[in-house]
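Trainee: Shown below is the structure under consideration.
The values are calculated or read from the model by the stated rules, or taken from the named source; none is laboratory data. Predicted model only: the values in this text are computed from it and were never measured. Every residue, glycine as well, gets a Cβ built from its backbone with ideal geometry; the counts of neighbours run over all protein chains shown. These area figures cover heavy atoms from the full protein model, side chains too; ligands, DNA and RNA do not enter into them. Shrake-Rupley method; radii C 1.70, N 1.55, O 1.52, S 1.80 Å.
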Amino acid sequence: MADQKFVLAGVMGWPVAHSRSPVIHNHWIAQHGLRGAYVLLPVQPDHFEAAIRGLPALGFAGCNVTIPHKVNAMKMMDHVDPVAKAMGAINTIVVQADGALHGFNNDGFGYIQSLRDAQPDWRADAGPALVLGAGGAARAIVLSLLNEGAPEVRLVNRTREKAQALADEFGARVKVLDWAERNDAMAGVALLVNTTNQGMHGQPDLEVKLDALPATALVSDAIYIPLETSFLKTARERGHTTVNGLGMLLNQARPAFKAWFGVMPEITPALRQAIAATF
Ligand code: NAP
C-alpha cells in the first residue's frame, strides 16, 4: 500500500459545487482501500483549455467534464470514442500513459444500465420507446436506445425543430411528433422516458396523461432531484415499474472509475444512501 500511486481525478465545470460526483468516487476510493482523491475543479470557460492541457502535468488520471464544457472539450481530445462522437459531447477524459487525452461519454451506458438494474430482463427491442425532450440528456438516451436495438423511438419536444434536428442526425427509426401529441403517442410503447427538466426541483411538474400507456411499459425519468417526480409517482401508482435518474448518474460513473482507478465499482445500498443523504 505505501508505494501505491496516489491517483487524482475530478470534475471540471462552471459552476460545479452542486456535483454529486465527488461523493460517488470518494465512496468507491474508500470502499476499495485505494490511495487517491476525486475533487471539484471549478474552471470558468476562459480557462478551460489551459486546465485541460494541464491535466497530464498535474498527474491527473483524468476527469469528468460537465456544464458548460461537455461539447467544447471534444476538440481538445487526442482521441474521441465513437459513441461520444455520435453524441457530440464528452463527459469523461482519461489521460493516457504518454499524456494523450482520450474522451468518452458514459451517459448512455449509465442510462441503459439503470434500466437493467430495475428490470434485469429489459430489452430495447421489446417495442417502441417514447422520449419526452430533445436536450443533452435526450441525445444520450435516444442514441443508446437505438444502439441497443430499439425498433422505433418516438421523440416529442416542446420545440419541435430540436427534435427534428436530432432525428435528422440519428436516422429513420426516430419519429418526431408534436408536443401536443405526447399523450396519444404513448399507445403501444414499451418504454416511456422524461428527459425534460419538468418535475425537477424548482420546476413545475411535467404535464402528461398516462391513460394510453400500456400497463406493461417501463417508465423512467432522467431527473434525480427529487428521487420520485410526480410523473414517476403517477406511473408507480398505475402499477408501472419506474426508474429514476439516480441510477443513470451512478452507472455513468462506473466505467470512468474503472479507467482511472483500475477497479469496476458496484452500486451498493450504502452508496445510494450516501448520495440520498446529500439531497
Ligand atoms: P437541456 O439540454 O437544457 O434540455 C432541457 C429539455 O427540457 C429540452 O428538451 C427542453 O425543451 C425541455 N423543457 C424545458 N422547459 C420545458 C417546458 N416548460 N415544457 C416542456 N419541455 C421543457 O437539459 P439536459 O441536460 O438534457 O437535462 C434535462 C434533465 O435531465 C434535467 O432535469 C437534468 O437534471 C437531467 N439529467 C440527468 C442525468 C442523469 O445522470 N440522471 C444526466 C443529464 C441530465 P425545449 O427544447 O423546447 O427548450
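Trainee: Between Ile90, Pro265, Phe231, whose Cα lies farthest towards the positive end of the dipole of the chain when Lys and Arg beta carbons carry +1 and Asp and Glu beta carbons carry -1, centred on the Cα centre?
Mentor: Pro265
Trainee: Also, quick follow-up: Placing +1 at every Lys and Arg Cβ and -1 at every Asp and Glu Cβ, with all other atoms neutral, what dipole size does the stretch 3-149 have around its Cα centre, in debye to the nearest 20?
Mentor: In total the dipole reaches around 180 debye.
Trainee: On the full set of protein chains, 1.4 Å probe, figure out the accessible area of Met74 and give it in Å² to the nearest 10.
Mentor: Roughly 40 Å² of Met74 is accessible to a 1.4 Å probe.
Trainee: Using each residue's phi in the stretch 9-16, evaluate 6.51 cos²θ - 1.76 cosθ + 1.60 at θ = phi - 60° and report the 3J(HN,Hα) Karplus result to the nearest Hz, with x for Gly and Pro.
Mentor: Going residue by residue, I get 8, x, 10, 9, x, 7, x, 9 Hz, with x marking Gly and Pro.
Trainee: As a test of the formula, what do you get for the chain when each DSSP H run with n ≥ 4 contributes -39,500 (n - 2.57) and the sum is divided by the residue count, at 222 nm and rounded to the nearest 500 deg cm²/dmol?
Mentor: -10000 deg cm²/dmol
Trainee: Let's see if you can work this out: charge +1 on each Lys and Arg Cβ, -1 on each Asp and Glu Cβ, no other charges. What is the dipole magnitude of the stretch 120-240 about its Cα centre, in debye to the nearest 20?
Mentor: That gives the stretch 120-240 a dipole magnitude of about 60 debye.
Trainee: Also, I was wondering about something else. Considering only Pro265, Pro255, Pro214, give the residue with the highest GNM mean-square fluctuation for the chain, with springs between Cα atoms whenever their separation is below 10 Å.
Mentor: Fluctuation is largest for Pro214.
Trainee: Note down the Stokes-Einstein diffusion coefficient of the chain in µm²/s, whole number, using a Kirkwood radius over alpha carbon pairs, 4 °C, and 1.567 mPa s.
Mentor: Reported coefficient: 66 µm²/s.
Trainee: Placing unit charges on C-beta atoms (Lys and Arg positive, Asp and Glu negative, everything else neutral), compute the dipole magnitude of the chain about its Cα centre in debye, rounded to 20.
Mentor: Once rounded to the nearest 20, the dipole reads 280 debye.
Trainee: Students sometimes get this wrong: rank Trp179, Trp28 by accessible area, probe 1.4 Å, all chains present, largest first.
Mentor: Solvent-accessible surface, decreasing: Trp179, Trp28.
Trainee: Rank these by accessible area, largest first, 1.4 Å probe: Trp14, Trp122.
Mentor: I get Trp14, Trp122, largest accessible area first.
Trainee: Something else now. Lys/Arg Cβ at +1, Asp/Glu Cβ at -1, dipole of the chain taken about the Cα centre: which of Val43, Gln203, Ala187 is farthest positive-ward?
Mentor: Val43
Trainee: Just the Cα atoms of the stretch 120-240, one point each, no solvent: what log10 I(q)/I(0) does Debye give at q = 0.15, 0.16, 0.18, 0.21 Å⁻¹?
Mentor: -0.61, -0.70, -0.90, -1.25
Trainee: Would you mind checking which residues have amide H under 5 Å from Thr241's amide H? H placed 1.01 Å from N; only 5 or more apart, or other chain.
Mentor: Sorted by chain and number, the residues that satisfy this are Val219.
Trainee: Have a look at Gln31, Gln96, Gln113 and tell me which one the Gaussian network model of the chain (Cα, springs below 10 Å) gives the largest fluctuation.
Mentor: The residue with the greatest mean-square fluctuation here is Gln31.
Trainee: A further question follows. Could you state the accessible area per residue of the stretch 181-279 in Å², with a 1.4 Å probe and every protein chain left in place?
Mentor: Per residue, the stretch 181-279 has an accessible area of 44 Å².
Trainee: Would you tell me the accessible area of His201, worked out with a 1.4 angstrom probe on the heavy atoms of the protein chains, in Å² to the nearest 10?
Mentor: Approximately 140 Å² of His201 is accessible to the 1.4 Å probe.
Trainee: Tell me, what % of the accessible area of the stretch 120-240 is carbon and sulfur with a 1.4 angstrom probe?
Mentor: 48 percent
Trainee: What are the semi-axes of the equivalent ellipsoid of the stretch 191-279, taken as the square roots of 5 times the eigenvalues of the Cα gyration tensor, listed largest first and rounded to whole Å?
Mentor: For the stretch 191-279, the semi-axes come out at 28, 15, 12 Å.
Trainee: At a Cα cut-off below 21 Å, give the lysines reachable from Lys70, other chains included and same-chain residues fewer than 8 away excluded.
Mentor: The qualifying lysines are Lys85, Lys162, Lys258.
Trainee: List, in order, the whole-Hz ³J(HN,Hα) value for each residue of the stretch 79-90 obtained from phi through the Karplus relation with A = 6.51, B = -1.76, C = 1.60 and θ = phi - 60°; use x for Gly and Pro.
Mentor: Rounded to whole hertz, the list is 8, 10, 4, x, 5, 5, 4, 5, 6, x, 7, 10.
Trainee: Considering only protein heavy atoms, what is the solvent-accessible area of Arg160 at a probe of 1.4 Å, reported in Å² to the nearest 10?
Mentor: Arg160 exposes around 90 Å² with every protein chain in place.
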